[in-house]
Amino acid sequence: MTNSKLKTKLIVGNWKMHGSLAGNALLLNALAAGAAEFNASTRAAVCVPFPYLAQAQTLLQQSCVAWGAQDISLHLAGAYTGEVAGPMVAEFGASFVIVGHSERRLYHQESNEQVAIKAKRALEAGLTPIICVGETLAEREAGQTEQVIGKQLQVVLTTLTVAQAERIVLAYEPVWAIGTGKSASVPEVGSVHLFLRRVLAAVDAKLAHALVLYGGSMKPDNARALLAEPGVDGGLVGGASLQAEDFLAICKAAAV
């Protein structure tokens, strides 16, 4: 089993459907300036709405903050109005793309199989997919957490080759903790992360080294405890990523 404390921690901001050109400029410039103080143990990225990829590229390309998108299409090109393909995202210098976020699964009825294909499309485009898995409150209360997230991950792992799977990032996001202000307890988070790592290692020992982020309402006041838990390799940050001070505080909490 790999020791996550020896890894570089990765903190990724998910802006969701927020932003404006003027507001983004203030936020991105503040992040670029603040990131200059990061040590080698911390990496940061922001996943922005599609229209702001060019702005993120312009304002972050001289910094150590990476950027990415929040989704990509199942398709590479064609008559798919409103869709954005992986290679299009990659043209803006993006490093990451979020796939399978619970809001995509809920509001757009994305299946485990579709999420797996999107992860494959991301890898084919040279992007690192941040693959989200997580359970609802009802599933947690029914004791089905491992069953649900295990299935979500297994579908991905059967779609990808081991070489491809070595390049993924996972994000555990308990659905009941997203945007609610609630967070799973630190031991609960650690337990789930170690379970996910066991699922990965069962496919191939190389996969045990994959980064596993926590994505359930990480904030400055709980970040240090969560990020210190074995098996937690960083965070997928929602609301707190919209405020430079908060996001930078989380990044600093990740320093080891």
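Annotations for the structure displayed:
- Comparing mean-square fluctuations of 107, 172, 52 from a GNM of the chain with C-alpha springs under 10 Å, the top value falls on 107.
- Candidates 33, 177, 223, ranked by Gaussian network fluctuation over the chain, Cα under 10 Å, top entry: 33
- Computed over the chain with a Gaussian network model linking Cα atoms closer than 10 Å, the most mobile of 138, 90, 244 is 138.
- Ellipsoid semi-axes for the chain, based on the Cα gyration tensor and the rule √(5λ), read 25, 23, 17 Å when sorted largest first.
- Cleavage-rule hits (GluC sites (Glu not before Pro)) in segment 69-143: DSSP loop, at most 13 neighbouring Cβ within 10 angstrom: 91
- Relative contact order [Cα under 8 Å, 6+ residues apart], segment 59-184, whole percent: 23
- Taking N as the residue count of segment 110-248, its C-alpha radius of gyration divided by 2.2 N^0.38 Å amounts to 1.02.
- All Cα pairs of segment 12-72, percent lying beyond 13 Å: 58
- Within-12-Å neighbourhood charge of residue 205 [Cβ basis; K, R +1; D, E -1]: +1
- Segment 42-133: C-alpha gyration tensor shape, a/c 1.5 cut-off, then a/b vs b/c: prolate
- Rounded Å value of the spacing that divides the Cα centres of segment 16-71 and segment 178-256: 20
- Relative contact order, whole percent, for the chain stands at 23, derived from Cα pairs under 8 Å and 6 or more residues apart.
- Each other residue within a Cβ distance under 14 Å of residue 98 adds +1 if Lys or Arg and -1 if Asp or Glu, for a net charge of +1.
- Computed per residue of the chain from DSSP H runs no shorter than four, each worth -39500 (n - 2.57), the mean residue ellipticity at 222 nm is -12500 deg cm²/dmol.
- Think of the chain as a dipole: +1 on every Lys or Arg Cβ, -1 on every Asp or Glu Cβ, centred on the Cα centre; then among 160, 74, 211, 211 lies furthest on the positive end.
- Residue 67 long-range amide H proximity, modeled H, under 5 Å: 46, 95, 96
None of the figures in this text is laboratory data; all of them are computed from the coordinates on show. Owing to the predicted nature of the structure, the values given are computational and were not obtained by experimental measurement. Every residue, glycine among them, receives a Cβ derived from its backbone with ideal geometry; neighbour counts consider all protein chains shown.
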